[in-house]
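Everything on this sheet refers to the single structure shown next.
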Amino acid sequence: MAFASVNPATGAVVQTFEAHTDKEVEERLHRAAEAFAAYRWTSFAERGHSMVAAAELLESELPDIARVLTTEMGKTFAAAKGEVAKCALTMRWYAEHAEGLLADEPIETSAAQSYVRYQPLGPVLAVMPWNFPLWQVVRFAAPTLMAGNVGLLKHASNVPQTALLLEDVFRRAGFADGVFSTLLVGSGDVAGLIADDRIVAVTLTGSEAAGRSVAGTAGQYLKKCVLELGGSDPYLVLASAALDRTASTAALARVQNNGQSCIAAKRFVVVEAVADEFNERFGAAMAGLVVGDPMDPATDVGPLVSEAQRAEVAGQVDDARQKGAHVVCGGTVPDGPGWYYPPTVLTGVTPDMRAFEEEIFGPVAVVEVASDLDEAIALANRTSFGLGSSVWTGDPAEVAACVERIEAGMVFVNAMVVSQPEMPFGGIKRSGYGRELSHLGIREFCNAKSVWVA
Ligand code: NAP
């Protein structure tokens, strides 16, 4: 089996890599277990020193690394540079804060002393997706390594260059052999890895199907599991929203990462009072986006990751159109090389259409109109997902109602949903469970040990 890195802008194979043999996988598991035995007792200062060195490498090699991201999965070069910079920032944040986040937590009881101590668990397996090929891994690896665990990465099969590049960065930054390793294996090998006694926990970012499979195996072997799955985030536009900024941010929120982000706004729920005005501005903003070569600084939206992914998105739009939805803009697969798809806006989407319930992983927006706040919140919650949500309003009472009643792991008010190291990131319902980033993320793979001294 070989892993190919294919440029979505051209369809050309950039590089191929042979899968690791069983023996190579065994060696990496062995090294991870050996490394953990020593690494767990290293100080936060030592770990932080290597983590900052890793951040420095990302910063000094930023354009080269960003070019790999762009040519391997198609995000714009500008977005790729932003992703690399954010990874460095997150490494620095955890290097600085891990010790404080994992400090003993005193608890008042009748004991002379009682507290919680956070200790590492061991080798953690990360099964990761291609859409933010560096960021998804770093937001797992930075807290996990700073907590004293070691990491094994099974990256998506189409981003082997990024997977190997990151392993190399951690090695050059001074982390001991086995502290962070990449396994070039297929998804069919994941269950066997979870079952291995040396793996203590698993984290997956990816689709629902992968989530079911990984959580099932983790359950069978009683291993801790974190799941970051899909989303169909609502973007609520309420009557007092500042429409200019609301509409321009709406377009950005939908097409970020060429529309392939779990926290992209996907369903735009607009109250009747401002629907015409918002729709006009939003449609114009979407139609005005520049689609093209992701290396070109003028490009807003690059290609989708693969031909299959574009066919999936085109199928969801065609299904809606055939069943009576209105295609306000876009909706047609362009001729020529590269897996491009235009920014598209759909209205009149009904429950019999795939676009109603499925996550659309491409630059396609579904706009729905609500009569008032209550209906807007009901529409926002009418999904099996529960990752992020964005609310636009100038009314504090509406802010309070949305924060309280929207069923999602994250609510952003007058801002699009983003991830950053200080804030917990994760979802509810079929978007998964557990949290990444912040104090919660670093504690996911720790033993919260209760200590009672009478
Ligand atoms: P995917 O097909 O589920 O792949 C994700 C990872 O899981 C890959 O490494 C893949 O390996 C592996 N995998 C797939 N099926 C598996 C199985 N049955 N058992 C074990 N591992 C399996 O997802 P994707 O299409 O690459 O990524 C898009 C999805 O990820 C979207 O739904 C998106 O919303 C979600 N996502 C969520 C978040 C979040 O934070 N919540 C962030 C980003 C993306 P192979 O590549 O070898 O198949």
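The values are calculated or read from the model by the stated rules, or taken from the named source; none is laboratory data. Since we're looking at a predicted model, the values are computed, not measured. A quick note on method: Cβ atoms are made from the backbone with ideal geometry, for glycine too, and the neighbour counts reach across all protein chains shown. Remember, those area values only see protein heavy atoms, side chains included, never the ligands or the DNA or RNA. Shrake-Rupley method; radii C 1.70, N 1.55, O 1.52, S 1.80 Å.
Between ARG40 and THR16, residue separation times 0.36 nm minus the direct Cα-Cα distance comes to 5.1 nm.
Across the accessible surface of the chain, with the other protein chains kept in place and a 1.4 Å probe, carbon and sulfur atoms take up 55 percent. Ordered by 1.4 Å accessible area with all protein chains kept, SER207, SER384, SER187, SER438 run largest first as SER187, SER207, SER384, SER438.
Compute the FRET efficiency between ALA195 and TYR433 as 1/(1 + (r/R0)^6), taking r as their Cβ-Cβ distance and R0 = 22 Å, and round to the nearest 0.05.
Values: r = 21 Å, r/R0 = 0.95.
The formula returns an efficiency of 0.55 here.
Probe radius 1.4 Å, ligands and nucleic acids left out: which of TYR94, TYR115 has the largest accessible area, and how do the rest follow?
Values: TYR94 0, TYR115 45 Å².
In descending accessible area the options line up as TYR115, TYR94.
Against the chain, whose longest principal axis is taken from its Cα atoms, helix 243-255 shows a tilt of about 60°.
If you put +1 on each Lys and Arg Cβ and -1 on each Asp and Glu Cβ, how big is the dipole of segment 264-328 around its Cα centre, in Debye rounded to 20? Provide the component values of the computation, followed by the final result.
Working: 6 positive and 11 negative charges, 42 e Å.
Result for segment 264-328 is approximately 200 debye, rounded to the nearest 20.
Accessible area per residue was computed with a 1.4 Å probe on protein heavy atoms; LEU440 scores about 70 Å². Positive end of the dipole of segment 197-341 (Cβ unit charges, origin at the Cα centre): among PRO334, PRO303, GLY288, the Cα lying farthest that way belongs to PRO303.
With every protein chain present, what is the per residue accessible area of the chain (1.4 Å probe, Å²)? Show your work: numbers first, answer last.
On the way: 17670 Å² over 454 residues.
Per residue, the chain has an accessible area of 39 Å².
For the chain, the longest principal axis of the alpha carbon atoms and the long axis of helix 77-101 meet at an angle near 40°. Taking GluC sites (Glu not before Pro) as candidate sites, keep only those in a DSSP loop with at most 12 other Cβ atoms within 10 Å, then name the longest stretch of the chain containing none of them. Longest site-free region, per DSSP loop and neighbour criteria: 109-421.
What dipole magnitude, in Debye to the nearest 20, does the chain give about its Cα centre under +1 on Lys/Arg Cβ and -1 on Asp/Glu Cβ? Kindly include the intermediate steps, with their values, before the conclusion.
Details: 35 positive and 55 negative charges, 162 e Å.
My answer is approximately 780 debye.
Residue-wise HN-Hα couplings along segment 335-350, as the Karplus relation 6.51 cos²θ - 1.76 cosθ + 1.60 with θ = phi - 60° gives them from phi, are 6, x, x, x, 9, 7, 8, x, x, 9, 10, 10, 10, x, 7, 10 Hz; Gly and Pro carry x.
Among LYS23, LYS323, LYS75, what's the order by accessible area (1.4 angstrom probe), most exposed first? It would help to have the intermediate numbers written out before the result.
On the way: LYS23 145, LYS323 95, LYS75 0 Å².
Solvent-accessible surface, decreasing: LYS23, LYS323, LYS75.
Among residues other than GLU61 whose Cβ falls under 12 Å from its Cβ, what is the net charge (Lys/Arg +1, Asp/Glu -1)? Net charge around GLU61: -1.
Normalised by the number of residues in segment 233-422, the average gap of Cα pairs under 8 Å and 6 or more apart makes the relative contact order 29 percent. Relative to the longest principal axis of the Cα atoms of the chain, the long axis of helix 272-287 makes an angle of roughly 70 degrees. Placing +1 on each Lys and Arg Cβ and -1 on each Asp and Glu Cβ, with no other charges, gives segment 393-454 a dipole about its Cα centre of roughly 360 debye.
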